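**Student:** Provided herewith is a single structure, encoded as structure tokens, for subsequent inquiry.
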Protein chains: 4
Amino acid sequence: MTQNTASRRGRPRDADVDRRVLDAAWDLLHGGGYAALNMDEVAERAGVAKTTLYRRWPTKDHLAIAVAARILGEVPIPDTGDVRRDLTDFIAAQAASLGRLRLAGNPDGAGSAGLVAELAAAAARHPDIGALVRGLFARRHDLARARLRRASEREGLRRDIDHEVMIDQLVGPVWYQILVTGGPADRSYAERLVEAVLDGAFTPSTQRSKS
Amino acid sequence: MTQNTASRRGRPRDADVDRRVLDAAWDLLHGGGYAALNMDEVAERAGVAKTTLYRRWPTKDHLAIAVAARILGEVPIPDTGDVRRDLTDFIAAQAASLGRLRLAGNPDGAGSAGLVAELAAAAARHPDIGALVRGLFARRHDLARARLRRASEREGLRRDIDHEVMIDQLVGPVWYQILVTGGPADRSYAERLVEAVLDGAFTPSTQRSKS
Amino acid sequence: MTQNTASRRGRPRDADVDRRVLDAAWDLLHGGGYAALNMDEVAERAGVAKTTLYRRWPTKDHLAIAVAARILGEVPIPDTGDVRRDLTDFIAAQAASLGRLRLAGNPDGAGSAGLVAELAAAAARHPDIGALVRGLFARRHDLARARLRRASEREGLRRDIDHEVMIDQLVGPVWYQILVTGGPADRSYAERLVEAVLDGAFTPSTQRSKS
Amino acid sequence: MTQNTASRRGRPRDADVDRRVLDAAWDLLHGGGYAALNMDEVAERAGVAKTTLYRRWPTKDHLAIAVAARILGEVPIPDTGDVRRDLTDFIAAQAASLGRLRLAGNPDGAGSAGLVAELAAAAARHPDIGALVRGLFARRHDLARARLRRASEREGLRRDIDHEVMIDQLVGPVWYQILVTGGPADRSYAERLVEAVLDGAFTPSTQRSKS
DNA sequence: GAGTAAACGAGACGGTACGTCTGGTCTTAAG
DNA sequence: CTTAAGACCAGACGTACCGTCTCGTTTACTC
């Protein structure tokens, strides 16, 4: 419907190309990190011409981000009625996503930020990637804020809490561990984060923060 | 004291070289970001041979980190007796440091992580840089934890607070803003962060957390 | 014929590149000898990327030899029916070729072997160049031997002459003069060489060797 | 006698340094050809500072030539009363000398000119080396010419022979084989060369050139 | 024996070219 | 119009190695 005659001309795009390319790119990234992601190599492994590559992803960075997006996937915030648990799941899921990227080209995974830093740099180099990524995280924050709003309304979360900051203090430390300190960012760390922000965040009558 | 006879042999290193090189490198970084940091250019501007460059910094990444270290400088945590104020200063100082880097090659400074992401990537590419950087931040955290300990002892900070996590929740969001969301990381943001973590963190009798 | 379909793929090589590069390289060699042959400079002058250079000539030495081959050119051995004259022309032509190379970067031209020695060294450094050069001279010798055979059959050259050695004794001294003694290698020298080898080389009845 | 007071001042040169350095240099040259001759490596192996090296040999080329001179040694022309034999010995000795150099960094020794070409190039690069080498060969030629003169006087060598050219036609082909064609240059080749130049070079009454 | 001159060891330094790598564009022919 | 193939441009990187320079040290001769 969209394109009747105008773009019906010529050879149609091979739909399988995307998959083959992203697979090849991920293999390289996984094997040796960003430094191992080589456009010529990707083209060869995917059985695709470089022209084709560049027609779909204008830049190596764009391709890398596309690969990462596929790996990271969506991180929805659940709503079971238990904020503590929902937030923990939310943060743990994000930590797990980043952890997968951290492992690329980094077998033991400890210490190095691995791919994550390179992707952040890629976003910094290209305004369009940056905007895309920031949009993604803005939407994620919107959902989280909505969840916190519901917690205020239904679960006794104090009304004077700065939701914006609370989310930053949950998500930020995870990135910080991965990108800077190299420390662990696993579920138990997520639990400690949630514990800390929710400690004293409920109105006394409704719920206690700590046993 | 460190090197009495062993390394007294041979022509001594020219102490001025470091300064000239780091200056030149910072000029380039400041002007055009990481992409503008060119080893040949640095050598030429500093009036130094490339061999000399590589004798002292084995890699362009190492040089960049050295420049950044000089720019970032030390961020001591003050101890005025007022934790809230000390923490705010501490965080605001770090935010300001990162902000300076973010501006490199990025006149308007909004949105992009600029140099910061590139430097994180550089640290991730070289295990030795990573170790160095992590050591730096580990020491910084040690100081901060010591400050929090004193707050527990003298200023009524609750004893059951997870100091480790509290620091992460102060520092982490700053990096997160700079590297990921592109949001502002200024003094007022630091104040909100400190406010949030100290809210309810004091024993009722001693000090009030919020007016 | 060699490559019908196999190498018909992809963008064909630009035939003009060779000319531009060899011209630029010769300019440099001519102006300052082997030391002045600079790959970056060649690339710039020829308006060509260094990758293109190295795709065609894997080494600076290979390029230099290619330039020399163009300068030296073919040295056919004539067949006018007069061996003495033909050999003299043959030797004088080779001497003139080498003389041109000797002058490169060596205005007065006396004494120094100039480029010739450097090219010999280049051939010695790379087995493939050595093989190529030796093949070239082997073909040249074949032609010369054929000419001597005809002289035996038609011009009364003695049948017991060692053609191989005779050619070496004509060509060898020219190289020796250029590479080692620094002496002149001109037409009159060629005449003396030919005179010496043909002296007494003819059967008495047919031709006299010396007036 | 040469230096009484002027250079008697200060610490005298260590006579053992030359030996150690030349040994080390020859080891490198022998092992990997001219490309393997590395001044830093020579200094280290000889247990000598680079300063000392350059005080004695102003250039790597000078050092290489010094090594070669030691290897090549003197090639006197004998005078047994039998020109044919003397010339053969003379040429065979030179061929053997060059053959030794050809083997450096060139185990099988066939084909490549090995060090010889590099040394010729070295001589071409430095006027002083060139002059020295040409002087050496000029003296050698003088001796050879003197021998031929005696052959004219005592052994019936024809008076109209061009001695200069005859020597070139004996020595030149040896260098030509080594530097250009890669062919063998052994005693039997020397015999063929001598045979050719002496064939018909004697006055009929006195001696026959060939059996 | 103190002074001095030069050789020496060690290693930083300047200079410069090399060959490599890789990102991204362009030109063919084929589908 | 897309695809494959591969030549091409651009430009930085890190390396290699030569020859110089700058120290501090050692070894003689000289006064």
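**Student:** Which members of region B:163-184 meet the condition of being facing chain A (nearest Cβ under 7 Å), assigned to a helix (DSSP H, G or I) and not polar (S, T, N, Q)?
**Tutor:** Within region B:163-184, B:V165, B:M166, B:D168, B:V171, B:G172, B:P173, B:W175, B:Y176, B:L179, B:V180 meet the criteria.
**Student:** Next up: With the checklist (1) closer than 28 Å to D:A146 by Cβ; (2) surrounded by fewer than 17 Cβ atoms within 10 Å (Cβ to Cβ); (3) within 14 Å of chain C (Cβ to nearest Cβ) in hand, flag the one item D:G81 doesn't pass.
**Tutor:** (3) is the only condition that D:G81 fails.
**Student:** Now, a different point. Return a yes/no flag: does region D:137-151 have any residue that is touching a residue at least 60 places away in the same chain (Cβ under 8 Å) and not in a helix (DSSP H, G or I). Walk me through it before giving the result.
**Tutor:** First, pick out the residues of region D:137-151 that are touching a residue at least 60 places away in the same chain (Cβ under 8 Å): D:140, D:143-144, D:147-148, D:150-151.
If we keep only those that are not in a helix (DSSP H, G or I) as well, we get none.
Checking region D:137-151: not a single residue is touching a residue at least 60 places away in the same chain (Cβ under 8 Å) and not in a helix (DSSP H, G or I).
**Student:** Among the residues of region D:92-101, is any buried (at least 20 other Cβ atoms within 10 Å of the Cβ), modelled with pLDDT of 90 or more and facing chain C (nearest Cβ under 10 Å)?
**Tutor:** Checked region D:92-101: no residue is buried (at least 20 other Cβ atoms within 10 Å of the Cβ), modelled with pLDDT of 90 or more and facing chain C (nearest Cβ under 10 Å).
**Student:** Quick test of your reading of the structure: C:Y54 fulfils all but one of (1) more than 30 Å from C:L170 (Cα to Cα); (2) in the same structural domain as C:A146 (by TED's automatic domain parsing). Name the failing condition by number.
**Tutor:** Looking at each condition in turn, C:Y54 falls short on (2).
**Student:** Let me ask another. Suppose we filter region A:16-33 for residues that are buried (at least 18 other Cβ atoms within 10 Å of the Cβ) and either away from DNA strand E (no atom under 14 Å from the Cβ) or within 14 Å of chain B (Cβ to nearest Cβ) (or both); how many remain?
**Tutor:** From region A:16-33, those buried (at least 18 other Cβ atoms within 10 Å of the Cβ) are A:21-22, A:24-26, A:28-30, A:33; that's our starting set.
Restricting the remaining residues to those that are either away from DNA strand E (no atom under 14 Å from the Cβ) or within 14 Å of chain B (Cβ to nearest Cβ) (or both) gives A:22, A:26, A:29-30, A:33.
Number of matching residues: 5.
**Student:** Ok, one more. How many of the residues in region C:152-162 are acidic (D, E) and outside any loop (DSSP other than H, G, I, E, B)? So that I can check it myself, show each step before the final result.
**Tutor:** Pass one, region C:152-162, residues acidic (D, E): C:153, C:155, C:160, C:162.
From what's left, outside any loop (DSSP other than H, G, I, E, B): C:153.
Selection size over region C:152-162: 1.
**Student:** Scan (1) among the hydroxyl-bearing types (S, T, Y); (2) buried (at least 19 other Cβ atoms within 10 Å of the Cβ); (3) modelled with pLDDT of 95 or more for the single condition C:T181 breaks and write down its number.
**Tutor:** (3)
**Student:** Of all residues in region B:144-161, which are more than 13 Å from chain A (Cβ to nearest Cβ), buried (at least 16 other Cβ atoms within 10 Å of the Cβ) and out of contact with any helix residue (DSSP H, G or I) (no Cβ under 6 Å at 6 or more places or on another chain)?
**Tutor:** B:R147, B:S152, B:G156
**Student:** Would it be correct to say that A:A120 is buried (at least 21 other Cβ atoms within 10 Å of the Cβ), outside the structural domain of A:L198 (by TED's automatic domain parsing) and without any contact (Cβ under 8 Å) to a residue 60 or more places away in the chain? First the steps, then the outcome.
**Tutor:** Values: buried (at least 21 other Cβ atoms within 10 Å of the Cβ): yes; outside the structural domain of A:L198 (by TED's automatic domain parsing): no; without any contact (Cβ under 8 Å) to a residue 60 or more places away in the chain: yes.
It is false that A:A120 is buried (at least 21 other Cβ atoms within 10 Å of the Cβ), outside the structural domain of A:L198 (by TED's automatic domain parsing) and without any contact (Cβ under 8 Å) to a residue 60 or more places away in the chain.
**Student:** A further question follows. Which numbered condition trips up D:D79, out of (1) touching a Phe, Trp or Tyr at 6+ places or on another chain (Cβ under 7 Å); (2) more than 17 Å from D:D27 (Cα to Cα); (3) among the acidic types (D, E)?
**Tutor:** The failed condition is (1).
**Student:** May I pose another question? Filter region C:158-176 down to residues that are at pLDDT below 95 and either within 16 Å of the chain's Cα centre (by Cα) or of a type outside the set (D, E) (or both) and give me whichever is nearest to C:I91 (Cα to Cα).
**Tutor:** Filtering first and then ranking leaves C:I161.
**Student:** Further question on the same structure: Of A:D27, A:D40, A:D79, A:D14, which residue is within 21 Å of the chain's Cα centre (by Cα), more than 20 Å from A:A113 (Cβ to Cβ) and either at pLDDT below 90 or assigned to a helix (DSSP H, G or I) (or both)?
**Tutor:** Details: A:D40 fails: within 21 Å of the chain's Cα centre (by Cα); A:D79 fails: either at pLDDT below 90 or assigned to a helix (DSSP H, G or I) (or both); A:D14 fails: within 21 Å of the chain's Cα centre (by Cα).
Criteria check complete, one pass: A:D27.
**Student:** When you look at B:V133, is it modelled with pLDDT of 95 or more, within 12 Å of another protein chain (Cβ to nearest Cβ) and not in a loop (DSSP other than H, G, I, E, B), yes or no? Step through it out loud before you land on a result.
**Tutor:** Working: modelled with pLDDT of 95 or more: no; within 12 Å of another protein chain (Cβ to nearest Cβ): yes; not in a loop (DSSP other than H, G, I, E, B): yes.
Against the criterion (modelled with pLDDT of 95 or more, within 12 Å of another protein chain (Cβ to nearest Cβ) and not in a loop (DSSP other than H, G, I, E, B)), B:V133 does not qualify.
**Student:** Just give me the residues in region C:34-61 being within 6 Å of DNA strand E (Cβ to nearest atom) and either charged (D, E, K, R) or on the phi > 0 side of the Ramachandran plot (or both), in sequence order.
**Tutor:** C:D40, C:K50, C:K60
**Student:** Next question, about the same structure. Can you pull out every residue in region B:60-76 that is touching a residue at least 60 places away in the same chain (Cβ under 8 Å) and either among the hydroxyl-bearing types (S, T, Y) or assigned to a loop (DSSP other than H, G, I, E, B) (or both)?
**Tutor:** Answer for region B:60-76, where residues must be touching a residue at least 60 places away in the same chain (Cβ under 8 Å) and either among the hydroxyl-bearing types (S, T, Y) or assigned to a loop (DSSP other than H, G, I, E, B) (or both): B:V75, B:P76.
**Student:** OK, next. Regarding C:A124, is this residue at the interface with chain D (Cβ under 7 Å from one of its Cβ atoms) and outside any loop (DSSP other than H, G, I, E, B)?
**Tutor:** In short, yes.
**Student:** Continuing with the same structure: Search region B:11-59 for residues being of a type in the set (S, T, Y) and free of Cβ contacts under 8 Å to residues at least 40 places away in the same chain, and hand back the single one that is farthest from DNA strand F (Cβ to nearest atom). Before you say what the answer is, go through the steps one by one.
**Tutor:** To start, the set of residues in region B:11-59 that are of a type in the set (S, T, Y) comprises B:34, B:51-52, B:54, B:59.
Then drop every residue that is not free of Cβ contacts under 8 Å to residues at least 40 places away in the same chain, which leaves B:51-52, B:54.
Details: B:T51: 4, B:T52: 9, B:Y54: 5 Å.
Going through the qualifying residues, I end up with B:T52.
The values are calculated or read from the model by the stated rules, or taken from the named source; none is laboratory data. From a predicted model like this one, the values you see are computed outputs, not experimental measurements. Positions of Cβ are backbone-derived with ideal geometry, glycine not excepted, and every protein chain shown enters the neighbour counts.
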